[in-house]
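The values are calculated or read from the model by the stated rules, or taken from the named source; none is laboratory data. Keep in mind it's a predicted model, so treat the numbers as computed, not measured. With ideal geometry, Cβ positions are generated from the backbone for all residues, glycine too; neighbour counts draw on all protein chains shown. The protein model used for the area step is the full one, side chains on, heavy atoms only, and it has no ligands, DNA or RNA in it. Shrake-Rupley method; radii C 1.70, N 1.55, O 1.52, S 1.80 Å.
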Amino acid sequence: PEKEITMSIDPRKLPALKIYTKQFEFNGFSFNDVTLKTESSPTGMIINTLTGKGEDLQITANGAWEVGINEAHSTSIDIILVSQNLHNSLIGLGLDTGATKGQGSVTAKLNWPNSPYQFSVDSFLGTANLRFKDGEISSVEPGGAGRLIGLFNLRQITKRLSLDFKDFFSKGYVFDKIRGDLVFNKANLTTENLFIKGPSADILIEGRTGIVAKDYDQVVTVTPHISGGLPWIGLAVGGPLGAVGVIVGEKVAKSIGIDVNKVTEVKYSMTGSWDDPKIEPIAQKVVKASPSIPGQSFPQQVPLNQ
């Protein structure tokens, strides 16, 4: 709400509810076939079922609204979002999105120290698991909710990558799978395993996103695939990126024992604001064992800040 709600509702005094509405709209969001079933408890309200359908989106939730010590309210919700079209689902929820394709699900457990209508990003806690497939992500405009995770900030990221990955992302990033776990705590989102597998490159995102501060403190690891659309890639030889490079053709790479699907891995630190993140390379390594080339060596890992 634009204004703070000052009314006070005691869930312990509410009766059991069974509500159905064909169409439900709230703050511009529209859902169909919304069902709510609750029952009373000594400490408040048990939410047995809350379901609804958005644009290509199915929502299922359950939880509790309770009153504890010193009459303090708390809300806990377990929610599952299943999307048949990631773009339509996010737009239907009022979120800016760079996703043009994709389907999958989000499973989350959330709680906050207040009533359901007094949710605050400053105080809510929880976890979420993401599972998406067969999608495509382009860039999104500054300030959009889709910038919560650095992955969706491709416009800024690709302008700053030290390796030339323009061919990977120029028309958007196609992904086969997205898998990851998120933790929400004290207005921050953290992840240690947000993995995106794509035909042109794999991306791993680790670190923190400030939900209120709108900033990043993440490490982004990019592992390109030569066979996913690029005929070559420059490999650093005997030093950090920017040193002498060699162009390895796919046939040549195979003949010297390089796995063309995973040639090199580059790590970037991403810090600063959502609107203007600072992205710098911090390390690179050849994923496959070093090939034997007379007079040259391929380092297993090369720090890039020397």
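Would you work out if region 65-119 is rounded, prolate or oblate? Take a ≥ b ≥ c from the square roots of the eigenvalues of the alpha-carbon gyration tensor; rounded if a/c is under 1.5, else prolate when a/b is larger than b/c, oblate otherwise.
prolate
So how do 73, 225 rank on accessible area, 1.4 Å probe, biggest first, that is with the largest at the start? Each step should come with its number before you reach the end.
On the way: 73 45, 225 15 Å².
Of 73, 225, the descending order of accessible area is 73, 225.
Order these peptides, 82-89, 14-21, by their mean beta-carbon neighbour count within 10 angstrom, highest first.
Listed from highest to lowest mean packing, they are 82-89, 14-21.
Grab the beta carbon distance between residue 7 and residue 183, set R0 = 25 Å, and tell me the FRET efficiency rounded to 0.05.
Efficiency at R0 = 25 Å is approximately 0.20.
Could you list the residues of region 109-132 with an amide nitrogen less than 17 Å from a label point located 7 Å from the Cα of residue 82 in the Cα-to-C-beta direction?
Hits in region 109-132 for residue 82 at 17 Å: 129-132.
At a 1.4 Å probe, what is the % contribution of carbon and sulfur to the accessible area of region 1-137? Intermediate results must be reported in sequence, preceding the final value.
Details: 4530 of 8210 Å².
Of all accessible area on region 1-137, carbon and sulfur atoms account for 55 percent.
If packing is taken as the average count of other Cβ atoms within 10 Å, what order do 107-117, 264-274 fall into, highest mean first?
On the way: 107-117: 16.3, 264-274: 19.3.
Top to bottom by mean Cβ count within 10 Å: 264-274, 107-117.
So how many Å³ per residue does the convex hull of the Cα atoms of region 10-122 work out to?
For region 10-122, the hull spanned by Cα atoms encloses 107 Å³ per residue.
What nm value, rounded to one decimal, do you get for the distance between residue 101 and residue 280 when each label is placed 7 Å out toward the C-beta?
Between residue 101 and residue 280, the simple spin-label model gives 3.7 nm.
Give me the number: length gained by fully extending residue 58 to residue 37, i.e. 0.36 nm times residue separation minus the C-alpha to C-alpha distance, one decimal in nm.
Working: separation 21, 0.36 × 21 = 7.56 nm, distance 1.68 nm.
The span from residue 58 to residue 37 would gain 5.9 nm if fully extended.
Going from most exposed to least, what order do 34, 212 have by accessible area with a 1.4 Å probe?
212, 34
How high is the FRET efficiency from residue 273 to residue 119, r the C-beta distance, R0 30 Å, rounded to 0.05?
0.80
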